[in-house]
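Step one of this worksheet: look at the structure below.
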Amino acid sequence: RDVREYRAVMPVSETFRTVVLVFLGTHIPATLMMDSQALLPPAIVPGFMKSLLDFHVRTNSDPLMADPPAWFKSFILFELMFQLPFFFIGFKAFYERRNWIRMPGVVYGAHTATTLIPILAVILHPATAFPDEAARWRLFFIYLPYLLVPASMAYALGVDDKPFGAKGGPNKLKIF
């Protein structure tokens with residue numbers, strides 16, 4: 001079969017598959033270099049990672065990463081323990097169009113989308129201080145894909161027991 005035949009019988013389109021691959025692929029370094037700093041002792045964090053986080057906090061006025069509250073740290077802990085391994089597994093499965101990713105992807109997508117609700121609520125809450133409303137909305141739109149892509153993944157993988165077609169399929173996407 002060529003890609004056109006798979007497209008006719010699978011709910012995961014090539015466009016969405018590419019979005020998920022980019023999302024998972026970029027989430028790995030973001031988790032390791034930025035988010036992990038909410039939990040790591042500062043003494044073991046390399047200087048370039050500290051500089052990246054400092055740049056993000058200054059540029060985007062991120063109160064959650066500037067001074068992570070305990071509930072946010074619990075989300076980061078789960079991200080490091082469970083989501084980070086999924087990023088590798090999910091990337092491989094989406095790259096190879098493997099149907100076995102269906103339930104892990106639904107669980108990952110539903111969990112991640114759920115954690116973004118309180119994060120976005122804090123950003124939008126009037127009591128959260130921002131230099132101006134533009135900064136608030138900029139940060140909101142930085143975090144928003146971390147709700148939309150996982151929620152879309154949970155939906156796309158949940159609507160069909162063979163999200164990549166009857167047998168999965170060959171990889172036609174060229175990354176390199």
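The values are calculated or read from the model by the stated rules, or taken from the named source; none is laboratory data. Bear in mind the structure is a predicted one, so any value in this text is a computation, not a measurement. Neighbour counts are summed over all protein chains in view; Cβ atoms, including those assigned to glycine, are modelled from backbone coordinates with ideal geometry. Quick note on the areas: whole protein, heavy atoms, side chains included, nothing else; ligands and nucleic acids left out. Shrake-Rupley method; radii C 1.70, N 1.55, O 1.52, S 1.80 Å.
Brief remarks follow.
- Matching residues in the stretch 59-90 - criterion: being in a helix (DSSP H, G or I), open to solvent by 20 Å² or more (accessible area, probe 1.4 Å) and among the small types (Gly, Ala, Ser): Ala66, Ala70, Ser74
- For the stretch 123-156, the set of residues classified as in a loop (DSSP other than H, G, I, E, B), surrounded by fewer than 16 Cβ atoms within 10 Å (Cβ to Cβ) and touching a Lys or Arg at 6+ places or on another chain (Cβ under 8 Å) consists of Thr128 only.
- Meets criteria (in contact (Cβ under 8 Å) with a residue 60 or more places away in the chain and part of a helix (DSSP H, G or I)) for Gly105: no
- Residue count for the stretch 35-58, restricted to those that are within 30 Å of Ile101 (Cα to Cα) and open to solvent by less than 40 Å² (accessible area, probe 1.4 Å): 4
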